[in-house]
Amino acid sequence: MNDNYSLCESRAYFGCLDGRLRSPLFGREIAFLAKGSEELYARRCAEYFEGITADNLGEYPVIEALFGALGEYVIDLLDERGEEFELGDFAYDEDSPITDLLKALVPVGLTFERFSYLSEEECPPAFSLKLSFAPVPDELMEIAVHGDVAVYAGEFQGVSPWNDKLRKKKWNYARNI
């Protein structure tokens, strides 16, 4: 981890850890909350997230697929409500590279969550990432993943990365990953 990384007991949430990491994918520092975990798991998740860059996104196929699914959500959002928004020069369609979408997303919150039935060592990295859509900052969206399993992509719901029931929901853009 880099020098910008920090971790401490959460003052707002009992049994949780608060931290900050530097995300090369978004080029900014992101605050995170680690639920139901100790420092070992929180560090492992933070290191995993810090390892994702625009250049190596292909090495994280589930993350790449989730952002592709989130791109489908953005296309539908703009098709249905685009005239309500002042998008400036932002344009995105099914032929646009994911990197174009990433430039329009601003991380708002990152939550790491350990599955309680697995030890800190056995539990794969799992997180939910809350994002703001820069052209329309009030539009919040989210992706959620545990290990190699894409759990959710779409409008912000505050989902758990361990809620596998979401994977079958019609409104979940990650349902076909």
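Computed with every protein chain present, the accessible area of residue 28 is close to 100 Å² [probe 1.4 Å].
Measure nothing but the geometry: give the 0 to 90° angle between the long axis through the Cα atoms of 39-50 and the longest principal axis through the Cα atoms of the chain, rounded to 10°. For helix 39-50, the angle is close to 30 degrees. Here is the list for region 98-177: chymotrypsin sites (Phe, Trp or Tyr not before Pro) lying in DSSP coil, each with at most 11 other C-beta atoms within 10 angstrom of its C-beta, are 117, 171. For the chain, DSSP calls about 90 percent of its internal beta bridges antiparallel. When peptides 71-84, 36-49 are ranked by their average number of other Cβ atoms within 10 Å per residue, the highest-first order is 36-49, 71-84.
Going by a ≥ b ≥ c, the root eigenvalues of the Cα gyration tensor, does the chain fall in the rounded group (a/c under 1.5), the prolate group (a/b larger than b/c) or the oblate group? Taking the square roots of the gyration eigenvalues as a ≥ b ≥ c, the chain is prolate.
Ligands, DNA and RNA excluded, the heavy atoms of residue 7 present near 50 Å² of accessible surface to a 1.4 Å solvent probe. For region 30-156, the solvent-accessible area of protein heavy atoms averages 46 Å² per residue (probe radius 1.4 Å; ligands and nucleic acids excluded). Just flag the GluC sites (Glu not before Pro) in region 101-177 sitting in loop per DSSP whose Cβ has no more than 11 other Cβ atoms within 10 Å. Within region 101-177, the qualifying GluC sites (Glu not before Pro) (loop, at most 11 other Cβ atoms within 10 Å) are 121, 122.
Adding -39500 (n - 2.57) for every DSSP H run of four residues or longer, then dividing by how many residues the chain holds, sets the calculated 222 nm ellipticity at -7000 deg cm²/dmol.
Against the main long axis of the alpha-carbon atoms of the chain, helix 61-81 sits at an angle near 40°. Hey, what did the chain get for relative contact order, percent, Cα under 8 Å, at least 6 apart? Relative contact order, the chain: 19 percent.
For the chain, the fraction of 1.4 Å probe accessible surface lying on carbon and sulfur atoms is 46 percent.
The values are calculated or read from the model by the stated rules, or taken from the named source; none is laboratory data. No experiment lies behind these values; they were computed from the predicted model shown. Methodologically, a virtual Cβ is constructed for each residue, glycine included, from the backbone with ideal geometry; neighbour enumeration extends over all protein chains shown. These area figures cover heavy atoms from the full protein model, side chains too; ligands, DNA and RNA do not enter into them. Shrake-Rupley method; radii C 1.70, N 1.55, O 1.52, S 1.80 Å.
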